[in-house]
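Everything below concerns the one structure shown next.
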Amino acid sequence: MSRSVQGPPPRRSTASSADGTAIGYLTTGTGPGLIVLGGALRTSEDYLPLATALTRSFTVHLVERRGRGVSGPLGPRYSLEREVEDLRAVQAETGARLAFGHSYGGLVVLEAARSPRAFDRVALYEPGVPVDPVPTGWMAPYRERLAAGDPYGAFVHFIRGAGGAPAFLARLPHWYLRSAMRIGFRGPAWRRMLPLLEANLAEHEQIAAQQGRLAEFAAVTAPVLLLCGSRTPRGTRAEFGALRGTLPGAALETLDGLGHFGPEGRSAPVVAERVRDFLL
């Protein structure tokens, strides 16, 4: 009876970034090296289904971005460039020439890809590259609620003000949403998000700081696959179209039935299939 050939067991490693911050990552699978970078309010655990689906074709290096898990804190001089340095540190340790980024992680990957010959190919799912003006009015009250020890109140300011919530949700009173969240947000996903609320603010401040830089991403010469979900609002999908028009070697595809969190959970294999087809 023949046995199925299994790859090496997953292993956890740490890279040292330029400022000395430790950046943890999980390596699993066999094949060309692929770095996976996740978004805001997410840990590497949220991308395990995606990594698992990709291990049949790649050696996946799933990064725990700074401020999460075994990785070091954001630090007092946090910026997008620190994140790029973290990515480069993992790349230096692994030799990976392929990259996938989701949301804020997509912005980090694309910023790193502006350097010549940084990657051979890049796949992105709804990268956080601002095209239209970024809402920032929620940031001050969000910071105030965090300082007051009110994470639910802070999160309500985020979902109502950051622009991603359905219109009906944004119209509900703050007190009502906060009360509903205290009842409904108690599971493992919320417990993983709680320690990331401060990082969420810092990362969205960095997204806002990139406003007006769209043309600079024309420096990316690696082939890029831009993926978005059909359930993502039309205006946001139009921004990805503008980004595709800026990148010299980019293709844009819409995946039916998916939203912004397509690379997570049960829909992860759908995203993995398109990423695999493009990167190989």
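Observations on the structure shown:
- Whole-Hz couplings from phi, Karplus 6.51/-1.76/1.60, listed for the stretch 129-135; x for Gly and Pro: 9, x, 10, 7, x, 8, x
- The distance separating the Cα centre of the stretch 94-166 from that of the stretch 218-238 comes to 14 Å.
- Charging the Cβ of each Asp and Glu at -1 and of each Lys and Arg at +1, and nothing else, the dipole of the stretch 84-201 about its Cα centre rounds to 380 debye.
- Ligands, DNA and RNA aside, Glu45 has an accessible area near 100 Å² when probed at 1.4 Å.
- Accessible surface of Asp150, taken over heavy atoms with a 1.4 Å probe and every protein chain present, rounds to 20 Å².
- Full-stretch length increase - Glu144, Trp190 - with 0.36 nm per residue and alpha-carbon distance subtracted: 14.6 nm
- Virtual spin-label span in nm between Glu81 and Asp256, 7 Å along Cα→Cβ: 4.6
- Tensor-based shape of the stretch 84-148 (alpha-carbon gyration tensor, a/c under 1.5 rounded, otherwise prolate or oblate): prolate
- Taking a ≥ b ≥ c as the square roots of the eigenvalues of the alpha carbon gyration tensor, the stretch 214-280 is oblate, as a/c is not under 1.5 and a/b does not beat b/c.
- Taking Gly161, Gly67, Gly39 as the candidate residues, the one with maximal mean-square fluctuation in a Gaussian network model of the chain, Cα springs under 10 Å, is Gly161.
- Loop-resident sites, the stretch 22-77, for trypsin sites (Lys or Arg not before Pro), counting at most 11 other Cβ within 10 Å (DSSP): Arg77
- Percent accessible area from carbon and sulfur atoms, the chain, protein chains only, probe 1.4 Å: 54
- Taking a ≥ b ≥ c as the square roots of the eigenvalues of the alpha-carbon gyration tensor, the stretch 1-108 is classed prolate because a/c is 1.5 or more and a/b outweighs b/c.
- Rounded Å value of the spacing that divides the Cα centres of the stretch 51-78 and the stretch 189-207: 15
- Per DSSP, loop trypsin sites (Lys or Arg not before Pro) in the stretch 94-161 with at most 13 further Cβ within 10 Å: Arg117
The values are calculated or read from the model by the stated rules, or taken from the named source; none is laboratory data. Just so it is clear, the structure is predicted and the values come from calculations on it, not from any experiment. Quick reminder, even Gly has a Cβ in these numbers, built from the backbone with ideal geometry, and neighbours come from all protein chains shown. Please note that ligands, DNA and RNA were not included when accessible areas were found on the heavy atoms of the full protein model with its side chains. Shrake-Rupley method; radii C 1.70, N 1.55, O 1.52, S 1.80 Å.
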